[in-house]
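One structure is given here, and the rest of the page talks about it.
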Amino acid sequence: MEEVRRKRTLAAPWALVINMLLLYVAYGVTRLAFLLENLSTYEHVFSLQSWSIIVGGLYFDTSAIAYTNALYVLMVFLPLHLKETIRWQHICKWLYVVVNGLGLAMNLGDSVYFQYTARRTTIAFFSEFGGDDKLGTIVGYEFLRHWYLVLLFIALMVFLYKCYRTPRPQVRPLGRYYLMQTLSLLIAAYLCWAGMRGGLWDNRPIKISTANQFIIRPNDASLILNTPFSMLRTIGKNSYHRPAFFTDEQELENIYSPIHDGVRESWSGRDGRERKNVVVIFLESFGREYFGSLNREMLPGYKGYTEFLDSLIDHAAISWRYSYANGRASIDAMPSALSGLPMFVESFVAASHATNRLSGLAACLDSLGYETAFFHGAPASSLGFQGFTKATGFQHAWSQEDFEADPRTEGRAAYDNWWGIWDEPFMQYFRMKMSDMKEPFMTALFTLTSHHPFHVPEQYKEVFREEEMPIHKCIRYTDHALRRFFAEASKEPWFKNTIFVLTGDHTNASNHAEYKSAINQFSTSIILYDPSGSMTPGIRDGIAQQTDILPTILGMTGYEKPYLAFGCDLLNTAARDTWAVNYLDGIYQYFKGDYVLQFDGEHTIGLYRLDDYRMTSDVRSKMSDVSSQMERELKAIIQQYMNRMIDNRLVP
């Protein structure tokens, strides 16, 4: 028995090498699972780019393995003769298996979660969902849906456990033992440090954006990265750093300033009109892809899933030829649309500067005598929404608990057993509460039914059936809920004196290649509707982004004081001067005119035409003047954002 046990052991350095190689195999398997689970997004990688992706993947796997196994390496080479026991080696083995099992589970879990975020999960995930007690239920549900990934995880755990090699106990004389163990520990520590940084000679440690060095398309970065690395490299990081693109403050202000002066003329001189009510509706996961009316040019003959909203755009509302979200998560949409702040590097709500003094649509309109309220059908603690609404000046915030307590509603019977109240009944509650408010009022509603795990109420399961993707039936259901909301709201006395803004909070799962490129992964809906008939309906030229909502509404309501917003008044800005900006995995994207520029924080890495939906042709070399000008403008936007965030200057 002792002889068999001895054959399964190796000298500590060789045992460690073999155990580390096992991890490279396991990480490679999880990357393959990630690729296969998201194959429709990554079909193009089976080309000359494949070798680069393999090399880049090894680069980041090395860093993740070094980070997660630092304690294990220390325990193997700790220069103490007392550790040369079977019990100590058992502890080392279980530490190795459990810690690395957690890393593999993160990678496999992100194979599924990536479909909804288009990026590897970072530590900000816990800030986004930290207040939700339903997270465990959602994870359990996904275990059942993706049982094959669970089986793969079990197989990988067995693989690590069975193939693990135990370091052989050392019986050298004490003097030689301590010398060799100390020397081995120093060498192993140096190699771990180099692995964490991404190389022996690099001056700077690798970061998430380094993945872009190995790819052609920025949205391929997630295939290079792994989730343990993305998590560990974002713990406790202050993501805002003061750039030095422009040393002359006046030059910076001349290129770009986010400060708006307000309307030039006094509102009292506008024909004695009353100030309009304002309603902003955030539509969970309503990417532009799901609209028929917004895709007639890109996808001829495509009908989409938003029959009511398409009719609204065609006959009563306006939208824009290109429209973008400023972030990829629900918690990014509120600061963008209600406070004019795009998501740069990390979500503002989860950032270290989230306590900065902040204004927004509610606070500005409050100063004009508006009553303001925020509505969300989930529990009050969900996603940190209520904290943000208080910080930006909302007077009221009504949620699932308030809905259930109101005798005019269905109460608990309208609960979806996942996130909160189904959209249809909550929209009717929203309408009733607005009728209770004093005009003029400003409200914001955040819907939730078109959120993973994509269920519809029992009575609609035969009406809205499964289609190409699970989300499609939910888009149809929420579109139906909106039809009912507007039908009932149109009977209210406040309806015709109200401005409605509808925007998707972010994009979601896609089944068209045109929407899997970096250009369109942020394409969402921005719709402006005035029931008084003052606007010519249809799709206008130009670019719209969520941060345009604040200045556009303040222009329509006659706000005269200075305010901050990284956007423009869409109704009073020429189409050629409209623009948009967003950020993903270390890459900034700047949309203006007919182009989108991609910038890694130091250099331009691509310039594409906006109608090159699949991003097949980088035109930097042909359009160098355009590229240079756009880079200059984007640098000014970034520097204004970072300086003001760091200096707490988000209010004029």
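The values are calculated or read from the model by the stated rules, or taken from the named source; none is laboratory data. Since this is a predicted model, take the numbers as computed values, not measurements. Note: ideal-geometry Cβ built from the backbone for every residue, glycine included; neighbour counts use all protein chains shown. Side chains included, ligands, DNA and RNA excluded: accessible areas come from the protein's heavy atoms. Shrake-Rupley method; radii C 1.70, N 1.55, O 1.52, S 1.80 Å.
Quick rundown of the values:
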| read-out | value |
| --- | --- |
| Every pair of residues 6+ apart whose Cβ atoms lie under 8 Å, when the first sits in region 162-183 and is farther than 24 Å from residue 20 by Cβ while the second is open to solvent by less than 80 Å² (accessible area, probe 1.4 Å) and charged (D, E, K, R) | 171/84 |
| Qualifying residue in region 526-541 (condition: within 18 Å of residue 310 (Cα to Cα), within 19 Å of the chain's Cα centre (by Cα) and crowded, with 19+ Cβ neighbours inside 10 Å) | yes |
| Qualifying residue in region 596-611 (condition: part of a loop (DSSP other than H, G, I, E, B) and on the phi > 0 side of the Ramachandran plot) | yes |
| Lone qualifier among 235, 224 - being modelled with pLDDT under 90 and surrounded by 19 or more Cβ atoms within 10 Å (Cβ to Cβ) | 224 |
| Enumeration of residues in region 427-451 that are in contact with a helix residue (DSSP H, G or I) (Cβ under 6 Å, 6 or more places away or on another chain) and not in a strand (DSSP E or B) | 427, 429, 431, 447, 449, 450 |
| Failed criterion for residue 558 (all others in (1) modelled with pLDDT under 95; (2) under 28 Å from the mean Cα position of the chain (by Cα) hold) | (2) |
| Filtered residue count, region 155-174, keeping only those that are outside any loop (DSSP other than H, G, I, E, B) and exposed (fewer than 13 other Cβ atoms within 10 Å of the Cβ) | 4 |
| Single residue of region 573-595 satisfying the filter (free of Cβ contacts under 8 Å to residues at least 40 places away in the same chain and part of a loop (DSSP other than H, G, I, E, B)) that is surrounded by the fewest Cβ atoms within 10 Å (Cβ to Cβ) | 574 |
| Cross-chain or 6+ apart pairs with Cβ under 6 Å, region 241-257 first and within 22 Å of residue 579 (Cβ to Cβ), then in a loop (DSSP other than H, G, I, E, B) and hydrophobic (A, V, I, L, M, F, W, C) | 252/246 |
| Options 527, 539: the member that is touching a Lys or Arg at 6+ places or on another chain (Cβ under 8 Å) and either part of a strand (DSSP E or B) or more than 22 Å from residue 334 (Cα to Cα) (or both) | 539 |
| Within region 285-376, helices (runs of 4 or more DSSP H) holding 1 or more residues that are of a type in the set (D, E, K, R) and over 26 Å from residue 589 (Cβ atoms) | 307-315, 361-366 |
| Single unsatisfied condition, residue 442 versus (1) surrounded by fewer than 16 Cβ atoms within 10 Å (Cβ to Cβ); (2) under 30 Å from residue 364 (Cα atoms) | (1) |
| Residue in region 566-586 that is nearest to the chain's Cα centre (by Cα), counting only those that are under 16 Å from residue 633 (Cβ atoms) and hydrophobic (A, V, I, L, M, F, W, C) | 581 |
| Single residue of region 77-130 satisfying the filter (under 21 Å from residue 343 (Cα atoms) and not in a helix (DSSP H, G or I)) that is modelled with the highest pLDDT | 120 |
| Selection status of residue 63, part of a helix (DSSP H, G or I), modelled with pLDDT under 90, polar (S, T, N, Q) and open to solvent by less than 50 Å² (accessible area, probe 1.4 Å) | no |
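Quick grid of which residues meet (1) of a type in the set (A, V, I, L, M, F, W, C); (2) farther than 30 Å from residue 498 by Cα; (3) touching a residue at least 60 places away in the same chain (Cβ under 8 Å):
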| position | (1), (2), (3) |
| --- | --- |
| 555 | no, no, yes |
| 597 | yes, yes, no |
| 600 | no, yes, yes |
| 604 | no, yes, no |
| 612 | no, yes, yes |
| 628 | no, yes, no |
| 634 | yes, yes, no |
| 640 | no, yes, yes |
